[in-house]
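Notes follow once the structure below has been shown.
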Amino acid sequence: SKITYVRKLAPGEVDLVAFKAQLDKPAADVIVLDVRNASEAKEGALPISINVPLEELEQRLSELPKDKTVLIHCGTGARAEMAYNVLNKAGFKVKYLKARVDFDKEHKGKYTIED
């Protein structure tokens, strides 16, 4: 017999395929939130993302629309999960990405997203 591992998503986590699909064809009722710090965001950002660093998130909640789903990402998923908890508690429709997001410093606009 063969054993196959399939990772189960945690509560609030968005599937990697669904996240990438949002980047390829953005829906009007979804925003992508980047919670990395400002210096990280300067090195590269997803084309449709809004940057609000995690440490500023609670003070800047009014900048985010409550009528849209917020998909959160960072560099690894750790800060995205913390931001998920903040936004979920504040009543937002929210999901977070637990994946590695890397930006190519030499080629602006190029990035990779991997589990």
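The values are calculated or read from the model by the stated rules, or taken from the named source; none is laboratory data. No experiment lies behind these values; they were computed from the predicted model shown. Areas reflect the complete protein model, heavy atoms only, side chains present, ligands, DNA and RNA absent. Shrake-Rupley method; radii C 1.70, N 1.55, O 1.52, S 1.80 Å.
For the range 26-35, the Karplus equation 6.51 cos²θ - 1.76 cosθ + 1.60, evaluated at θ = phi - 60°, returns couplings of x, 8, 5, 9, 9, 10, 10, 10, 9, 9 Hz by residue, with Gly and Pro reported as x.
Solvent-accessible surface of protein heavy atoms, probed at 1.4 angstrom with all chains present, puts Tyr84, Tyr111, Tyr96 in the order Tyr111, Tyr84, Tyr96, largest first.
Each residue of the range 74-82 was assigned a 3J(HN,Hα) from its phi angle through the Karplus expression (A = 6.51, B = -1.76, C = 1.60, θ = phi - 60°), giving 9, x, 9, x, 5, 5, 4, 5, 5 Hz with x at Gly and Pro.
Under a 5 Å amide H cut-off, with hydrogens placed 1.01 Å from N, Tyr111 pairs with Asp104 among residues at least 5 apart or on other chains.
Think of a 1.4 Å ball rolled over the protein heavy atoms: the range 1-49 then has 67 Å² of accessible area per residue. Bridge orientation summary for the chain: considering DSSP beta bridges with both residues in this region, about 25 percent are antiparallel.
Full extension of the chain between Asn85 and Lys66 yields a length gain of 5.3 nm, computed as 0.36 nm times the residue separation minus the alpha carbon distance. A full extension of the chain between Glu56 and Glu43 corresponds to an added length of 2.8 nm, given 0.36 nm per residue minus the alpha carbon distance. When semi-axes √(5λ) of the Cα gyration tensor in Å is calculated for this entry, the matching label among [x] 19, 16, 14; [y] 22, 19, 14; [z] 28, 21, 18 is [y].
Across the range 56-73, coupling constants 3J(HN,Hα) worked out from phi with the 6.51/-1.76/1.60 Karplus curve, θ = phi - 60°, read 9, 4, 4, 7, 10, 4, 5, 7, 9, x, 7, 8, 10, 7, 9, 9, 9, 9 Hz, and Gly and Pro carry x.
Expressed as a whole percent, the accessible surface of the range 22-94 that belongs to carbon and sulfur atoms is 49, based on a 1.4 Å probe.
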